[in-house]
1. Say we look at the range 108-118 and pick out the residues that are touching a residue at least 40 places away in the same chain (Cβ under 8 Å) and more than 18 Å from the chain's Cα centre (by Cα); which of these is nearest to residue 390 (Cα to Cα)?
2. Looking only at residues that are in contact (Cβ under 8 Å) with a residue 60 or more places away in the chain and under 19 Å from residue 313 (Cα atoms) in the range 83-97, which one is surrounded by the most Cβ atoms within 10 Å (Cβ to Cβ)?
3. Could you please find all residues in the range 320-340 being surrounded by fewer than 22 Cβ atoms within 10 Å (Cβ to Cβ), touching a strand residue (DSSP E or B) at 6+ places or on another chain (Cβ under 9 Å) and outside any strand (DSSP E or B)?
4. What do you reckon, is residue 309 in contact with a helix residue (DSSP H, G or I) (Cβ under 9 Å, 6 or more places away or on another chain), crowded, with 16+ Cβ neighbours inside 10 Å and touching a residue at least 24 places away in the same chain (Cβ under 8 Å)?
5. What number goes with the only condition from (1) in contact (Cβ under 8 Å) with a residue 40 or more places away in the chain; (2) surrounded by fewer than 21 Cβ atoms within 10 Å (Cβ to Cβ); (3) under 17 Å from residue 386 (Cα atoms); (4) in contact with a strand residue (DSSP E or B) (Cβ under 7 Å, 6 or more places away or on another chain) that residue 277 does not pass?
6. Could you identify the single residue in 264, 272 that is more than 30 Å from residue 107 (Cα to Cα), in a strand (DSSP E or B) and at pLDDT 95 or above?
7. If a residue has to be in a strand (DSSP E or B) and at negative phi to count, how many in the range 349-363 make the cut?
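The values are calculated or read from the model by the stated rules, or taken from the named source; none is laboratory data. The shown structure was predicted, so the numbers you read here are calculated from the model rather than taken from an experiment. Please note: Cβ atoms are built from the backbone with ideal geometry, for glycine as well, and neighbour counts cover all protein chains shown.
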């Protein structure tokens, strides 16, 4: 496992806490009274994608164990390890060089391996105000710009120093990121990206109106220059009885070592109406591009991308001529089952290209306090982008 500067700081800080003779007994009690959690997530993923001679069939099991101390004088320590293993069948390409002999299969980005997923200590110096140091999960707003990619078996986490502050009822989050531990795992270069990145996110609830967020993300990716960007924006969500709505706008430009000089905008509108048995929702999302300037499209390298622009993951990178995503869906619950269906119509923002359409469907059920099931599908029909793709998932999750 690669040594990370930020983890070294975290471990040294924890050891210094334990050097005090007066605190040793209390720290011992904090550790002995800590809590642990064990979870398993089995998933079978099938991918039929035009252009590949074989269909992908990925059968993987993620085992996760974590431990958290009790809080002592504001301090808490947390550690979490993941193991992802192939079971039954492994006819797939895990991506980014993880499966050099499986090029005939489509990518299912679930490489096997064991990793330290999180390891941090946190100090809360007052209610709502604290600092966290170490390898940690960072999920901001709806994860459109910064998230954990939790759908994949190997989660994205960050070696970082983060602070959360309560300012007259509003919440300010700031973070310095030293390294991004990406979903491809530490065995390949694409799995670890050295960073010098700063995140600022402010949120505030407005009485009887909704919630507003303002953010500034300065990404300096030393290993992937195309990811180095400066982004600022504002997001608002509100509701009125059964009707809910949202709007977001952001501006982005190149930064640091990025070789392409560009600027691009992002905007999104959402609306939903909740009936007694189901909710209907829809929206329109645009990531600008420039058909005449390759590499100048709006990008979101730290996002949980699977949650946006279709579950078939055909737009993990924004096309050079941008993307417009017009979507509509319905979701509900019945007899313990939760389900949803979404239709996407994709078009280029800076050209006349039709980028295809997609239909997604999922149904899940919590069997009991420990076990839940999920069935999920995605059907992407290509036009002037990518290729026809069908994906099917079956997942069993358990937690103890």
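1. Here the residue is 112.
2. Among them, the one singled out is 94.
3. The answer is 335, 336.
4. Criteria not met by residue 309.
5. Failed condition: (3).
6. On the way: 264 fails: more than 30 Å from residue 107 (Cα to Cα).
272 is the lone residue from the list that is more than 30 Å from residue 107 (Cα to Cα), in a strand (DSSP E or B) and at pLDDT 95 or above.
7. Step one: list which residues in the range 349-363 are in a strand (DSSP E or B), which gives 354-363.
Checking which are at negative phi leaves us with 354-355, 357-363.
Summing the residues that are in a strand (DSSP E or B) and at negative phi in the range 349-363 gives 9.
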